[in-house]
1. Per residue and in cubic angstrom, what volume does the convex hull of the Cα atoms of the stretch 110-228 have?
2. How far is helix 34-47 tilted, in degrees, relative to the longest principal axis of the Cα atoms in the chain, given as a value from 0 to 90 rounded to the nearest 10?
3. Mind checking the angle between helix 16-27 and the chain's longest principal axis? C-alpha axes, 0 to 90 degrees, to the nearest 10.
4. Using the C-alpha gyration tensor of the stretch 1-54, what are the square roots of 5 times its eigenvalues, in whole angstrom, with the largest one first?
5. If you split all Cα-Cα distances of the stretch 161-220 into 5 Å bins from zero, what percentages do you get per bin, shortest first?
6. So for the pair residue 63, residue 183, with labels modelled 7 Å out along Cα→Cβ, what separation do we get in nm?
7. Order the peptides 50-63, 86-99 from the highest to the lowest mean number of other Cβ atoms within 10 Å of their residues.
8. At residue 73 and residue 1, where each label point lies 7 Å from the Cα along Cα→Cβ, what is the point-to-point distance in nanometres?
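Every number in this text was worked out from the coordinates using simple rules, so none of it is lab data. On a predicted model such as this, the values are computed, not experimentally measured, just so you know. So basically every Cβ, Gly included, is an ideal-geometry build from the backbone, and we count neighbours across all protein chains shown.
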Ligand code: DC
């Protein structure tokens, strides 16, 4: 079957990565979490106290960063390595949530991440989720999905995830962080979060995981049939 590129964009905690992983598993495609790359760069900048206003230091720091997704066959998912260190858990921390939108708005950081993302899509057969995948990274992606869900549903989902690792977290903190990130991601100068003109909207506020997968798979097969 012909392989395509599937771009999934949307606000924070809409379930983009869940759908992307489901599709990748079902279609035997690669799953690429572009947000994880911005998170890992943020972790590196925080650890090394890189001033976000100093372009020269940012460029130097980026030249020292090597990001690699390694497939963990047992867990059935890709693990992100930052300079050979597994940073999967660290990059989901609230400290990273608070800084990542600021780091992701930096031109040099975006160029660094987008170049790697585009390279990983050269052979197609990839599902990538993020904020600018359908508009900037893969403007020619065969299928673009723009995901959305009610804010209350999104807060609840992210709270459950974060509460697993941090029992002191509150719903209000999670809500404020989501709203702040959505605002910054949608209002930054370079490739802000936008629905691509040719994207299909998927609102999963009231959908189960099985239902959203069924809908998206239908779209995939329609696209592949159109290409024949
Ligand atoms: O999807 P996520 O929550 O892990 O993404 C973390 C942050 O990275 C998000 O607040 C915005 C940024 N991001 C981005 O600017 N462009 C992308 N393609 C993916 C994420």
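1. Values: hull volume 16.3 nm³, N = 119.
It comes to 137 Å³ per residue, whole-number rounded.
2. 10
3. 50
4. On the way: eigenvalues 185, 29, 18 Å².
Those come to 30, 12, 10 Å.
5. 4, 13, 13, 14, 19, 20, 14, 3, 0
6. Taking the two extended label points, one gets 3.7 nm.
7. Top of the packing list down: 86-99, 50-63.
8. In this crude spin-label approximation the distance works out to 2.3 nm.
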